1. Could you figure out which of (1) under 27 Å from Cys65 (Cβ atoms); (2) among the β-branched types (Val, Ile, Thr); (3) modelled with pLDDT under 70 isn't true of Ile125?
2. Please work out if Lys88 is more than 23 Å from the chain's Cα centre (by Cα) and at pLDDT 85 or above.
3. Evaluate the following for Lys106: is it in a strand (DSSP E or B) and in contact with a Pro (Cβ under 9 Å, 6 or more places away or on another chain)?
4. Hey, any hits in segment 71-94 for a residue that's among the acidic types (Asp, Glu) and touching a helix residue (DSSP H, G or I) at 6+ places or on another chain (Cβ under 8 Å)?
5. Return the residues of segment 72-116 that are polar (S, T, N, Q) and loosely packed, with under 12 Cβ neighbours inside 10 Å; say none if nothing qualifies.
6. Of the numbered conditions (1) within 19 Å of Phe183 (Cα to Cα); (2) more than 21 Å from the chain's Cα centre (by Cα); (3) modelled with pLDDT under 90, Leu82 satisfies every one except a single condition; which is it?
Amino acid sequence: MANTRIKRDLEDRLLDRVEETKERMSMDNPDALAKKERVAAFRDKWANSALPDLPGGIIPGFHLCWLSSTNTYDSIDKRLALGYEPVKASDLGKGFENLGKMSSGKFEGCISCNEMILFKLPEDIYQEVMRLLHLEDPLEHQRNITATVRGQAQEGKGGRSILEGGILEMEKEASKANSNIRFQ
């Protein structure tokens, strides 16, 4: 009899916590609203707000990105060797005359903002690189993980791996991966 009372108490406390959480998360609750605003502020803090936001497709057939002239690990010289080209003010056409341009040096006349310089990469190369880095490589890592877990589960004495359910889900998701994805 004591066990059922304890169980009921636990269930009641759990239901109370669920209700408190729902109440906190409702839009009427100022604490929840403040939390959501704080999270949004953090997102904005790390957003690319210091650099001019250029519309997509402004240079047809090219992907644009800002590269740092001070980054020694991911240097502009490395990117030039990979096919990136600096964007000149004339490449952007009318309406973008007010963007900053480098007045001297190796990238004179190129669009810049502080230590950042605007570069372009042919869209087909960009899509190929993004597909490799953000689709194929992660899928390969996922396949290696599932193969390792399956191998370890089979080494046991016929027992099922605790991770089996998650591994099956990973395999299902990997098989659904679409190689026709376009990256922005």
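1. Here Ile125 meets the rest and fails (3).
2. When the stated conditions are applied, Lys88 passes them.
3. No, not satisfied.
4. Of segment 71-94, the ones among the acidic types (Asp, Glu) are 74, 77, 85, 91.
Among the residues that remain, those that are also touching a helix residue (DSSP H, G or I) at 6+ places or on another chain (Cβ under 8 Å) are: none.
There is no residue in segment 71-94 that is among the acidic types (Asp, Glu) and touching a helix residue (DSSP H, G or I) at 6+ places or on another chain (Cβ under 8 Å).
5. Selection gives Thr72, Ser90, Asn98, Ser103, Ser104.
6. Looking at each condition in turn, Leu82 falls short on (3).
The values are calculated or read from the model by the stated rules, or taken from the named source; none is laboratory data. It should be emphasised that the depicted structure is a prediction, and the values quoted were computed from it without experimental measurement. Here Cβ is always computed from backbone atoms with ideal geometry, including for glycine, and neighbour counts include all displayed protein chains.
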